[in-house]
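K.L.:
Can you keep this structure in mind? I'll have questions shortly.
The values are calculated or read from the model by the stated rules, or taken from the named source; none is laboratory data. Since this is a predicted model, take the numbers as computed values, not measurements. We place every Cβ from the backbone using ideal geometry, glycine too, and count neighbours over all the protein chains shown. Note: accessible area is taken over every heavy atom of the protein model, side chains too, but ligands, DNA and RNA are not part of it. Shrake-Rupley method; radii C 1.70, N 1.55, O 1.52, S 1.80 Å.
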Amino acid sequence: MDSQMLVALGLSLVGGLSTSLGALFVVLSETPNMKMLGLLQGFAAGLMLSISFLDLAHNAINSIGFLKANLWFFGGVIFFACIAKFIPEPTVGPSTDVKRRKKSGDEGGKDTMKKHRKQVLYSGLITAIGISLHNFPEGMAVFLGSIKGMRVGVNLALAIALHNIPEGVAVALPIYFATESKWQAFKLATLSGLAEPLGVIIVAYLFPRSLSPEILEGLLGAVGGIMAFLTLHEMLPLAFDYAGQKQAVKAVFFGMACMSASLYFLELSLPDTMSL
């Protein structure tokens, strides 16, 4: 296993294990702070948009031309749109409502509660599977970004890590309600995040190390399309729901500003052999 592969695995572990942080929101507090999660989603959305348009797509256009770069970019959009169509990413809300009903005593009788527990447990397991499948292309993005340079890999891993925190909540909340076990909720949320480094391992053996520069730039353009679709389709709506439109938009632009500064300072600090 070469150093490039180890770097990609390490970065994907950072992103994947951030689902554990989301699980901690659930197991350490009775009610997760949904506004904070919304602001994190908005901030991560700003990071992702900057990476997609100002970095990956921009570099692809400069390297392989406007037409080819756009074909790769929208190919990535279509690829992730198909994933989102057949494996929609669950949200946190429904399980929270069930938990509130439990606390207020709206459910009548032990049999009804037992039935709800089974339903919510099933929902949590499906959520964990869906998020695991969503994490495969994210692992692919981190791996390809790491091939391109440390700067791209680090920024992608950071943005994906912030995005994965609410995913951890989405897994842990129904599991905790159904099993009343903090450990089971935390464990399943963590396991769903480990699909990301698994995606790195699989993709590392699908793509040869000696990719031509044109193919690599095209793949990174496609990753830009994947990130843009993920942001606009899943992250921004959640940010608006949880934090409100005005606050979420502020968080988005703050994330974009932070990413621009990150791109600049990482470019200055990293050795030439580890940057673009």
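K.L.:
Regarding R100, is this residue farther than 24 Å from V223 by Cβ, at pLDDT below 65, open to solvent by 10 Å² or more (accessible area, probe 1.4 Å) and in a helix (DSSP H, G or I)?
P.N.:
The answer is yes for R100.
K.L.:
Now for a different question. Among the residues of segment 58-89, write down those that are part of a helix (DSSP H, G or I), more than 11 Å from I226 (Cβ to Cβ) and aliphatic (A, V, I, L, M).
P.N.:
Those that are part of a helix (DSSP H, G or I), more than 11 Å from I226 (Cβ to Cβ) and aliphatic (A, V, I, L, M): A60, I61, I64, L67, A69, L71.
K.L.:
Okay, next question. Scan G38, G75 and give me the residue that is modelled with pLDDT of 80 or more and out of contact with any Asp or Glu (no Cβ under 8 Å at 6 or more places or on another chain).
P.N.:
Sole residue among the options that is modelled with pLDDT of 80 or more and out of contact with any Asp or Glu (no Cβ under 8 Å at 6 or more places or on another chain): G75.
K.L.:
Same structure, new question: May I ask you to verify whether G16 is at pLDDT 80 or above and under 19 Å from the mean Cα position of the chain (by Cα)?
P.N.:
So G16 passes the test.
K.L.:
Any residue in segment 54-69 that is within 19 Å of M259 (Cα to Cα) sitting within a Cβ distance under 9 Å of a residue that is outside any helix (DSSP H, G or I) and open to solvent by 70 Å² or more (accessible area, probe 1.4 Å)? List the pairs, counting only those 6 or more apart or interchain.
P.N.:
D55/L276; N59/L276
K.L.:
Just for helices (runs of 4 or more DSSP H) wholly inside segment 160-269: which have at least 2 residues that are modelled with pLDDT of 85 or more?
P.N.:
So the answer is 182-193, 213-230, 236-243, 245-269.
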